[in-house]
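Quick notes on the structure that follows.
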Amino acid sequence: MNPFTIIPKLAVRPAAMLVVVGALIFAAGCGGNGNGAGGGGNGKFTTASLNGQYVISLTGIGVNQTGTASEAFSEVVVLKADGKGGLSITVDDFDQSGTSFQSPPQSGTYGINKNGTGVLQFNSSNYGITLIDDNHFYVIQGDVFATESGTGEKQDTSAFSSVPSGTFVFQAHNLSIDSRVGSMAISGGNINALEDFLTLGSSLPNAPSAITGSFGSGIDANGRGQFSLSDGSLFAAYIVNSSKFRFMFFSPSSSTLEIGQAEKQTGGPFSIASLGSNSYVFGTSGDTIANPVGIHSAGVLSTDGNGNLIGTVDWEQDTAVNSEISLQNTSFYSLDTNGRGKFNLDLSNGLSNQKIFWMVSPTRAYVLVNSSAAIEDGTFAQQQGAPFSNSSLAAQSSFVMDGFDAAYKDRSGVITPKGTGSLDWNQQANSFDTIQGGFPSSSTTSGSYQVSANGRVTVTVNNVSNAIVFYLSSSNSGFMVQEDGADIGGAFVTQASQ
C-alpha cells in the first residue's frame with residue numbers, strides 16, 4: 001500500500017484549453033503516425049516498438065499548482081504501453097513548491113514514427129519522445145504549461161519481488177540547492193553509504209561522509225518502494241531491474257526537488273591502475289549561483305595508469321564560453337579501492353577544476369564537480385574507437401538537450417550524420433518563458449560537422465546554432481555543449497530499431 005497522501009497533480013492546474021493549444025502547435029506540420037519530429041530520418045520503429053512497462057525521470061519548470069507563478073519541479077512516471085497506441089499511467093509522482101503530489105491512475109495515447117520520434121499524451125499534456133531502442137528513450141514535455149526533459153527505460157518486473165541488494169553507486173541533484181554522489185551498500189534493506197554532498201556556494205570536504213538508512217518493507221507492482229536516510233531524506237524508489245533503480249524525494253508533508261538514480265557497482269576493488277592508459281569522455285551540467293541550468297561541460301581526459309592526466313575540455317557557464325581548453329601537465333588523478341576518485345585539472349586558461357567520481361564499473365562513473373560556484377554533475381565513460389574522423393560519425397542517433405538562453409529550452413529528436421561532414425537534424429522542442437508559458441515546436445533542418453582525432457566535433461545546425469561541440473565517447477554516443485552564449489547542452493546515442 002502506498003503510504004503517501006494521494007493529491008491529484010492536475011486538480012488545480014488552470015486553463016486546460018491552453019494545453020490543447022500547445023498540443024496542436026507541438027504536433028503541427030509533422031508526418032508519421034506519431035507526429036512529433038516525424039519529418040525526416042530513417043528507421044524501422046513503429047507504435048509497437050513501445051510495448052511494456054517503463055519508468056521515466058524528468059525535471060523542468062512550469063505553472064505551479066495554484067496557477068500563480070512558474071516554478072521548477074521534478075517528476076517520475078511509470079506507464080504501461082500496449083504496443084497499439086494505448087497508455088496506462090500507473091504512477092505520476094511530482095515535486096513542486098515544497099510539496100509532493102501523486103496523481104491517480106489514468107489513461108493516455110501515443111504514436112511512434114519510423115525514425116523513433118513520437119508523442120505521448122496524458123495528464124492533459126503532450127510529451128515528445130525519441131526512442132533509442134525498444135527499451136530506452138529520451139522525452140520532453142511540449143505544451144504551454146511546462147517544459148521538462150528526461151529519460152525513460154523499460155522495467156524488469158521480475159525484479160519487483162524484493163528491495164535492492166548489493167553495493168550501488170548513486171547520484172542525485174536538487175535544483176539550485178545541492179548535489180550528491182557516492183556508494184551505498186544495501187543488505188536486508190539496511191543502507192550504509194559514503195557520499196560526497198555539495199551545497200551550492202560551498203566546497204566539498206576532503207573525505208566523503210558516512211550516512212545510513214533503510215528501505216521500506218516491499219516493492220509494489222509498479223516497481224515503487226521507499227527508503228529513508230539518516231539526514232532526514234525520504235525517497236520513493238522506482239526499480240528498473242536488479243542492478244538499477246531511480247529515486248525522487250517524496251513526502252506528504254514537505255519536499256525538495258532531489259531526483260537521482262543508483263546502479264550496482266562492478267569491477268572493484270579499484271586502484272590508479274584500474275583506469276589504465278585510456279581516454280574518458282565526460283558530460284556534466286548543473287546550476288550556478290546566478291542561474292539554474294547555468295552550466296554545461298564536456299571533454300576528454302586521458303589517463304596513463306600512473307596518476308597523470310592530459311586532455312581537453314569545453315564548457316559554457318552563465319553565457320561565458322570556454323572552448324577547447326587544454327590540461328597542463330601538472331594535472332593528475334587518484335582512485336581509491338572503493339571506487340572513489342579525483343580528477344584534478346590544471347587548465348591552460350589559468351583555472352583549476354576538481355571532479356570527484358565514483359566508479360560504477362571499470363569503464364564508467366558518476367561525476368560531481370567540486371566547485372563553490374555551481375552544483376554540476378554527470379557521468380564519464382571510457383572512449384572507444386579513436387582516432388576519429390568525419391566518417392566515424394555516420395549513424396542516426398537520438399538526442400536530448402536542455403538549458404536556458406532567453407527562455408528555458410528542451411529539445412529531443414534525431415541526428416542523421418552522413419559520414420561526410422553533413423547531417424540532418426529533426427527536433428521537437430519547447431521554449432518556456434516564465435511569464436508567457438511554453439512555445440512548443442517541431443522542425444527539420446540540416447547542418448555540417450568536423451571531427452577531430454580526439455573525438456571533439458564542431459557542429460553547425462542551421463536555424464539552431466552555429467556553435468555546438470560534441471565529444472564522442474564512441475562513434476555511437478557522446479555529449480554536447482552549445483557554445484553561442486546559450487547555456488544549453490545534452491547527449492546523444494545511436495539508435496537501434498528492431
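Taken along the Cα-to-beta-carbon direction at a fixed 7 Å, the label points for S361 and S217 span 3.7 nm.
The alpha-carbon of K154 sits under 14 angstrom from the alpha-carbons of these aspartates and glutamates, leaving out residues fewer than 8 places away in its chain: D82, D133, D134. Residues in segment 326-340 carry Karplus couplings, in order, of 8, 8, 7, 6, 8, 6, 7, 9, 9, 8, 8, 4, 7, x, 8 Hz; the curve used is 6.51 cos²θ - 1.76 cosθ + 1.60 with θ = phi - 60°, and Gly or Pro positions show x. From the coordinates of this entry, Cα extents along the principal axes in Å is computed, and it appears in [x] 89, 73, 44; [y] 162, 61, 39; [z] 59, 54, 42 under the label [z]. Shown is the FRET efficiency for A394 and Q354, computed with R0 = 45 Å from the Cβ-Cβ distance and rounded to the nearest 0.05: 0.80.
Taking label positions 7 Å along the Cα-Cβ direction at both S97 and K80, the computed distance is 3.2 nm, reported to one decimal.
Within segment 280-319, name every residue whose backbone N is under 19 Å away from a label modeled 7 Å from Cα of D346 along the Cβ vector. Only 301-313 pass the distance filter. Take the chain with all the other protein chains still there, run a 1.4 Å probe, and you get 35 Å² of accessible area per residue. The residues packed around R340, meaning those with a beta-carbon under 12 Å from its beta-carbon, carry a net charge of -1 if Lys and Arg are +1 and Asp and Glu are -1. Normalised by the number of residues in the chain, the average gap of Cα pairs under 8 Å and 6 or more apart makes the relative contact order 15 percent. The residue among G421, F388, I468 whose Cα reaches farthest toward the positive pole of the charge dipole of segment 347-498, with charges on the beta-carbon of Lys, Arg, Asp and Glu, is F388. Put simply, the C-alpha atoms of segment 332-484 give a gyration tensor, and the ellipsoid matching it has half-axes of 29, 22, 14 Å, longest first.
Counting only lysines at least 8 places from K114 when in the same chain, those with an alpha carbon closer than 17 Å to its own are K44, K84. Across the accessible surface of the chain, with the other protein chains kept in place and a 1.4 Å probe, carbon and sulfur atoms take up 51 percent.
In summary, the convex hull built on the alpha carbon positions of segment 319-398 has an orientation-averaged projected area of 7.8 nm². For segment 119-170, the alpha carbon positions stretch 43, 22, 19 Å along the principal axes, listed from largest to smallest.
The values are calculated or read from the model by the stated rules, or taken from the named source; none is laboratory data. Quick caveat: nothing in here was measured; it's all calculated off a predicted structure. Note that each Cβ is placed from the backbone with ideal geometry, even for glycine, and that neighbours are counted across all protein chains shown. All accessible areas refer to the heavy atoms of the entire protein, side chains included, with ligands and DNA or RNA removed. Shrake-Rupley method; radii C 1.70, N 1.55, O 1.52, S 1.80 Å.
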